[in-house]
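Visitor: Quick one: this structure, given as structure tokens, is what I'll be asking you about.
The values are calculated or read from the model by the stated rules, or taken from the named source; none is laboratory data. These figures come from a predicted structure and were not determined experimentally. So basically every Cβ, Gly included, is an ideal-geometry build from the backbone, and we count neighbours across all protein chains shown.
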Amino acid sequence: MKKRFIVGIFLLINIYSFGQNKYLKDVNDTQLLSEKVVDLFAENKIKQSFNTLSEYWPLPKNEIKNLEKATVEHLSFIEKQFGKSIGTLKVRNETISDFAIQETYLIRYDISAIRLIFTYYKGYKGWVLNGFKWDLEFTQEFK
């Protein structure tokens, strides 16, 4: 009995350690989420960006927090090097059938830009964020 109780507690802890607890209804919702996060990024509101993402991202909360912390550190450097944000642009929307979407955005700065890529997956309950990354590789968008 004690062993079952401990296993039960362990399972509850694991379930609650994942950040994602909501599903997006449709493709329009994925686009709205991406746009909101891009706007928050451009305003250097990184904590709010990751809080918004975590609602739909089945990644452990501690991993999301680690990504948030690294992003805050890197973006402060980018703003010093590239200047202030001067705008955003949606570059691409790619799909695999009706179950996967990848949206690519750019945030422009005075001297350069960064790229944000959102990958969504449609499961039984709806759409979830399957992956998010940002980088300095916007030149790869010249296809």
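Visitor: Can you name the residue in the stretch 86-118 that is surrounded by 16 or more Cβ atoms within 10 Å (Cβ to Cβ) and in contact with a Gly (Cβ under 6 Å, 6 or more places away or on another chain) and is also nearest to V27 (Cα to Cα) among such residues?
Guide: R108
Visitor: Kindly list the number of the only condition in (1) assigned to a helix (DSSP H, G or I); (2) in contact (Cβ under 8 Å) with a residue 60 or more places away in the chain that fails for W57.
Guide: Here W57 meets the rest and fails (1).
Visitor: Identify the single condition in (1) surrounded by 13 or more Cβ atoms within 10 Å (Cβ to Cβ); (2) in contact (Cβ under 8 Å) with a residue 40 or more places away in the chain; (3) on the phi > 0 side of the Ramachandran plot; (4) of a type outside the set (D, E, K, R) that G83 does not satisfy, given that it satisfies every other one.
Guide: Among (1) surrounded by 13 or more Cβ atoms within 10 Å (Cβ to Cβ); (2) in contact (Cβ under 8 Å) with a residue 40 or more places away in the chain; (3) on the phi > 0 side of the Ramachandran plot; (4) of a type outside the set (D, E, K, R), G83 violates only (2).
A quick yes/no check of all residues on (1) among the polar types (S, T, N, Q); (2) at pLDDT 95 or above; (3) closer than 18 Å to V38 by Cα:
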residue: K90; (1), (2), (3): no, yes, yes
residue: Y105; (1), (2), (3): no, yes, yes
residue: I117; (1), (2), (3): no, yes, yes
residue: G126; (1), (2), (3): no, yes, no
residue: E137; (1), (2), (3): no, no, yes
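Visitor: State all residues of the stretch 92-125 that are out of contact with any Asp or Glu (no Cβ under 9 Å at 6 or more places or on another chain) and of a type in the set (K, R); if no residue qualifies, say none.
Guide: Matches in the stretch 92-125: R108, K125.
Visitor: I'd like to verify a number: residues in the stretch 123-135 that are in contact (Cβ under 8 Å) with a residue 24 or more places away in the chain and either in contact with a strand residue (DSSP E or B) (Cβ under 6 Å, 6 or more places away or on another chain) or within 16 Å of L53 (Cα to Cα) (or both), how many?
Guide: So the count comes out to 7.
Visitor: Mind checking which residues of the stretch 19-54 are farther than 16 Å from I107 by Cα, within 10 Å of the chain's Cα centre (by Cα) and either in a loop (DSSP other than H, G, I, E, B) or among the polar types (S, T, N, Q) (or both)?
Guide: Across the stretch 19-54, the qualifying residues are N51, T52, S54.
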